[in-house]
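Below you'll find the structure I mean.
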Amino acid sequence: MASYLFYAAWNPPYLLILIFSTVLDWWLARRIWYASNPAHRKLLLLASLVANLSLLGFFKYGSFALENAQALLALAGVSYVPPEWDIVLPVGISFYTFASLSYTIDVYRREIEADTPILEYALFVAFFPHLVAGPIVRAKVLLPQIATAREATKDQLGWGLTLVVLGLFCKSVLADACLAPVVDAVYGMPEAHPGLGAVAGIFGFAGQIYFDFGGYSLCAIGLALCFGYAFPDNFRFPYGARGFSDFWRRWHISLSTWLRDYLYIPLGGNRRGEWRTCRNLMLTMLIGGLWHGASWMFVAWGGLHGSYLIAERWLRRARPRWFVGAPNDVVVTLVTFLLVCLAWIPFRAPDIHAAVGVLAASFHKGGATQAEWLALLVVAASFAWQWRVRDSSLEEMANEWSGLVRTAAAAACMIGVFLASGGDDRAFIYFQF
């Protein structure tokens, strides 16, 4: 009930969509579990897929479909003016839809049993820390925890609150105060920020989206831990990745593993020849890009990452020595970071003209303002730090620190959050997805 009230505080009528999706998937999963006929089980799973993806498609991609239909008809010489699409996208629908689908699919695969009471299942879907922007916690991870009474220990409460403070620092200080103003200025008028200014905007958004979404994930994981629930990590120092496949093992892990287990592997994975493997990689990344929003720019971002993964796969087979040894590791890490940052351009730019403008501005002569130098410094420091600690974890690092160091770090984060408060009101970037 508390999670439902939390969601209803945004838009009460849209709570009905969440309840409908929850009850339908719970009921279909039970029918799937007790059905013995394979064809009947597939039909029930299909009903769950169609219901969930239809809701997602209507609210998230309805306007996109109308706009593209209008463009296609115009090419054919037909003048069509679609009705104005003024339907608000339900917050978090992409996240709770994928979480709920994981339950019906896992029940269909006989990986979990469909014996969960309706109230426990409703809590799994609506649990407020992960409801609006993830992580996409799987049913097999969270339902067993919900089934037993939870009582947070003193250590869980302390570490959970520490993660919340760290997440707020990443969001309000690094993403919002240091990087967002530079990024907005560059993408808003790239011709006014040539040279280093445009470069600061490109790398600045790479830092902004990491600290924004990574900060939210830390807050979600920390809040859940304060109630005694353990969420899996959603980021593991992605900008220190050794290649693009490694990047996707570190970036938005809950989404990348979902796409791997429920899309890439069912398509055939890497089991049916090289051409089909490349096709499956590209399809997975294109759909992953479209999941982020109804725009061809997100599809382009997914296509770039699909191309990166295919090229890396070919190079690892044709030139395996390029990926062995310390000097090569340095080159691979640097190239990965650079190309990932370039791929963020279509993700951030509103259209292809803005994306080309930002990229073109970076090749012109020009200096940088103090704010742009600060943005470059923040991103460079973040890259160096992630590279150094990429084989560790926050918990391992915190355990190596003394109590005094941990207290000082938490206090510094709280002071930073306080000093950065009162600025622009910026929602978390992934709230729009």
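The values are calculated or read from the model by the stated rules, or taken from the named source; none is laboratory data. Since the model is a prediction, treat every value here as computed from it, not as a measurement. Neighbour counts run over all protein chains shown; Cβ positions are idealised from the backbone, glycine included.
Let me confirm something: among R348, R316, R321, which residue is within 25 Å of I265 (Cα to Cα) and not β-branched (V, I, T)?
R316
Given the criteria outside any helix (DSSP H, G or I), free of Cβ contacts under 8 Å to residues at least 60 places away in the same chain and either within 16 Å of G306 (Cα to Cα) or in contact with a Cys (Cβ under 7 Å, 6 or more places away or on another chain) (or both), does W251 qualify?
Working: outside any helix (DSSP H, G or I): yes; free of Cβ contacts under 8 Å to residues at least 60 places away in the same chain: yes; either within 16 Å of G306 (Cα to Cα) or in contact with a Cys (Cβ under 7 Å, 6 or more places away or on another chain) (or both): yes.
Criteria met by W251.
What helices (runs of 4 or more DSSP H) completely inside region 358-433 contain at least 1 residues that are over 26 Å from C341 (Cα atoms) and either at pLDDT 90 or above or in the same structural domain as A177 (by TED's automatic domain parsing) (or both)?
Working: elements: 370-389, 394-400, 403-420.
Per the criteria, 394-400, 403-420.
Here's a follow-up. Being aromatic (F, W, Y) and surrounded by 12 or more Cβ atoms within 10 Å (Cβ to Cβ) is the filter here, so list the residues in region 33-51 that pass it.
Within region 33-51, W33 is the sole residue that qualifies.
Continuing with the same structure: In this structure, does R249 turn out to be closer than 26 Å to A384 by Cα and modelled with pLDDT of 95 or more?
yes
Another question, then. Can you tell me which of S63, S94 is within 20 Å of the chain's Cα centre (by Cα) and either in contact (Cβ under 8 Å) with a residue 40 or more places away in the chain or over 20 Å from L290 (Cβ atoms) (or both)? Show your work before the answer.
Values: S63 fails: within 20 Å of the chain's Cα centre (by Cα).
Sole residue among the options that is within 20 Å of the chain's Cα centre (by Cα) and either in contact (Cβ under 8 Å) with a residue 40 or more places away in the chain or over 20 Å from L290 (Cβ atoms) (or both): S94.
Then there is this: So which residues in region 110-124 are in contact with a helix residue (DSSP H, G or I) (Cβ under 7 Å, 6 or more places away or on another chain) and either modelled with pLDDT of 95 or more or among the basic types (K, R) (or both)?
Residues satisfying the conditions are I118, E120, Y121, A122, L123, F124.
Within region 142-156, identify whether any single residue is out of contact with any strand residue (DSSP E or B) (no Cβ under 8 Å at 6 or more places or on another chain) and buried (at least 21 other Cβ atoms within 10 Å of the Cβ), and answer yes or no.
Taking every residue of region 142-156 in turn, at least one turns out to be out of contact with any strand residue (DSSP E or B) (no Cβ under 8 Å at 6 or more places or on another chain) and buried (at least 21 other Cβ atoms within 10 Å of the Cβ).
Would you say D86 is out of contact with any Gly (no Cβ under 6 Å at 6 or more places or on another chain), within 25 Å of L290 (Cβ to Cβ) and surrounded by fewer than 12 Cβ atoms within 10 Å (Cβ to Cβ)?
yes
Looking at region 358-389, which of its residues are surrounded by fewer than 18 Cβ atoms within 10 Å (Cβ to Cβ) and either of a type outside the set (A, V, I, L, M, F, W, C) or more than 27 Å from A241 (Cβ to Cβ) (or both)?
Within region 358-389, A360, H364, K365, G366, G367, T369, Q370, A371, R388 meet the criteria.
Let me ask something else. Of these, I112, I105, which one is part of a helix (DSSP H, G or I) and either among the polar types (S, T, N, Q) or surrounded by 12 or more Cβ atoms within 10 Å (Cβ to Cβ) (or both)?
Exactly one residue qualifies, and that residue is I105.
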